[in-house]
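Notes follow the structure.
The values are calculated or read from the model by the stated rules, or taken from the named source; none is laboratory data. Everything numeric here is computed off the predicted structure, so don't read it as measured data. When we count neighbours, we look across all protein chains shown, and the Cβ atoms used for this are built from the backbone with ideal geometry, even at glycine.
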Amino acid sequence: MKVGFIGLGQMGSGMAANLIKAGHEVTVYNRTATKTQALVAKGAASAAKVADACRGDAVITMLADAAALAGVSFGENSLIASLSKNKIHISMSTISVALSEKLAAAHAEAGQRYVSAPVFGRPEAAAASALFIVTAAAPDAVASCQPLFEVLGQRIFPFGDKPSTANLVKLSGNFMIASVIETLGEAMALVGKAGVDRHQYLDFLTSTLFNAPIYKTYGQLVAEQKFEPAGFAAVLGLKDVRLALAAGESLRVPLPLASLLRDRFLTLLAQGGEALDWSAISQLAAKDSGQKA
């Protein structure tokens, strides 16, 4: 397929590289143009502006936040202004339900197709084509994107034809991951203050009651206190928890744990944790108990 790719951060750069490797004709755009160079060396074309990445069958956006996505999607020379009728915008970013609904309406009015397809997985999973992809859109639009999804992910999970549903599922998942991180931090603070070795404790947890990838991945980061370089920055964790809270408020669903997590992220950022991985909220429980990091 002929596809544009907008957003070449830690996730997007690996995803775009996999599409090139699989033989797709890829045109890349990033606000910081130097980030396109490595992909151009692998065979991508470089777009000087957003519109230049919207000339193919589909355009994928993988951007850090709603402001970045809205900035490339709306207005003069934007994605929506440039994409041809019946072509597809595949939004793979973690965004609000409200923005997803706005994008769906705008694309429909422009005669374009919109597929919401947020992903689960850290940068190493993106580079290994091992993402889990959650989709929601008209079935024919999702089917058209299948050749791309098969390159990017290990499994695709469809959630109906309303695009914002995929975004709600993604936000709920990130809320649960943050909850696991906080739980690991509190539990390790508890046993750690009693002198239990964190790594031995983690091995016990992940060999018995919590034998799951999420506990193994984040448990290792927490036990090793390896929070740099950030695979997913703490400021983005705060953003996602806020979006989950906004979705809960819209649906009249209280999320008490999400409120706690928001405060944990705010505390981490207030203490200078901007550059740390979001798993660094786990160290707050140890600090609260008087333990040294």
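Beta carbons closer than 9 Å, at least 6 apart along the sequence or on distinct chains, pair a first residue in the stretch 142-166 that is free of Cβ contacts under 8 Å to residues at least 12 places away in the same chain with a second that is part of a strand (DSSP E or B) for GLN146/ILE156; GLU150/ILE156.
Of the residues that make up the stretch 265-281, is at least one of a type in the set (S, T, N, Q) and part of a loop (DSSP other than H, G, I, E, B)? Working first, answer last.
Here is the first cut: in the stretch 265-281, the ones of a type in the set (S, T, N, Q) are 267, 271, 279.
Next, from what is left, pick out any that are part of a loop (DSSP other than H, G, I, E, B): 271.
Yes, some residue in the stretch 265-281 is of a type in the set (S, T, N, Q) and part of a loop (DSSP other than H, G, I, E, B).
Among the residues of the stretch 213-229, are any in contact with a Leu (Cβ under 9 Å, 6 or more places away or on another chain), touching a residue at least 40 places away in the same chain (Cβ under 8 Å), over 14 Å from LEU171 (Cα atoms) and assigned to a loop (DSSP other than H, G, I, E, B)? Yes: one or more hits.
To keep it simple, each residue is scored yes or no on (1) modelled with pLDDT of 95 or more; (2) outside any helix (DSSP H, G or I); (3) touching a Ser or Thr at 6+ places or on another chain (Cβ under 7 Å).
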site	(1), (2), (3)
VAL142	yes, no, yes
LEU148	yes, no, no
VAL151	yes, no, yes
ASP161	yes, yes, no
LYS170	yes, no, yes
GLY173	yes, no, no
ILE177	yes, no, no
LEU190	yes, no, no
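Annotation note: of SER96, SER82, SER100, SER46, the sole residue that is of a type in the set (Ser, Thr, Tyr), surrounded by fewer than 24 Cβ atoms within 10 Å (Cβ to Cβ) and touching a residue at least 60 places away in the same chain (Cβ under 8 Å) is SER96. Exactly one residue out of ALA105, ALA128, ALA137, ALA166 is of a type in the set (A, V, I, L, M), more than 30 Å from LYS216 (Cβ to Cβ) and out of contact with any helix residue (DSSP H, G or I) (no Cβ under 6 Å at 6 or more places or on another chain): that is ALA105. Every condition in (1) touching a helix residue (DSSP H, G or I) at 6+ places or on another chain (Cβ under 8 Å); (2) closer than 30 Å to LYS292 by Cβ holds for THR183 except the one numbered (1).
Conditions tested, residue by residue: (1) surrounded by fewer than 17 Cβ atoms within 10 Å (Cβ to Cβ); (2) under 17 Å from the mean Cα position of the chain (by Cα); (3) over 20 Å from ALA233 (Cα atoms); (4) not assigned by TED's automatic domain parsing to the domain that holds THR61.
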position: ASN174; (1), (2), (3), (4): no, yes, no, yes
position: ILE181; (1), (2), (3), (4): no, yes, no, yes
position: GLY192; (1), (2), (3), (4): no, no, yes, yes
position: ASP203; (1), (2), (3), (4): yes, no, yes, yes
position: THR206; (1), (2), (3), (4): no, no, yes, yes
position: TYR218; (1), (2), (3), (4): no, yes, no, yes
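Just one of (1) farther than 16 Å from PHE5 by Cα; (2) touching a Phe, Trp or Tyr at 6+ places or on another chain (Cβ under 9 Å); (3) surrounded by 19 or more Cβ atoms within 10 Å (Cβ to Cβ) fails for ALA106. It is (3).
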